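Taking it in order: structure first as structure tokens, then the write-up.
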Amino acid sequence: MTPKALKAIEKHFGEVTDPRVDRTKDHKLADIISIAICAVVCGAENWVDIELYGNSK
């Protein structure tokens, strides 16, 4: 994903509150949202598919 595209996603979803506990955050919320969007565009149909996509990329 290009930096420009990631900036657009961060801008669009920037006001979404992150419900996770700070000490358990391994990844930025914008990265998780980006991976989920890309996975769904590529055919992911559930969270397991999204996880497999994220691990493979």
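At a glance:
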read-out	value
Boolean, A30 is touching an Asp or Glu at 6+ places or on another chain (Cβ under 9 Å), at pLDDT 90 or above and of a type in the set (A, V, I, L, M)	no
Candidates D18, D49, filtered to the one that is at pLDDT below 95 and acidic (D, E)	D18
Residue, nearest to P3 (Cα to Cα), within the range 34-57, restricted to residues that are buried (at least 16 other Cβ atoms within 10 Å of the Cβ) and among the β-branched types (V, I, T)	I35
Complete set of residues in the range 34-46 that are in a helix (DSSP H, G or I) and either among the basic types (K, R) or modelled with pLDDT of 90 or more (or both)	I35, A36, I37, C38, A39, V40, V41
Pair list, Cβ < 7 Å and 6+ apart or interchain, from the range 27-48 residues that are free of Cβ contacts under 8 Å to residues at least 24 places away in the same chain to residues that are among the charged types (D, E, K, R) and not in a loop (DSSP other than H, G, I, E, B)	A39/D49
Qualifying residues in the range 10-33 (those that are more than 21 Å from N46 (Cα to Cα) and not in a loop (DSSP other than H, G, I, E, B)) - the one nearest to the chain's Cα centre (by Cα)	E10
Pairs with Cβ under 9 Å, 6+ apart, first in the range 12-23 and within 17 Å of S34 (Cβ to Cβ), second part of a loop (DSSP other than H, G, I, E, B) and of a type in the set (D, E, K, R)	D18/K25; D18/K28
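The values are calculated or read from the model by the stated rules, or taken from the named source; none is laboratory data. Given the structure is predicted, the values throughout are model-derived calculations rather than measurements. Positions of Cβ are backbone-derived with ideal geometry, glycine not excepted, and every protein chain shown enters the neighbour counts.
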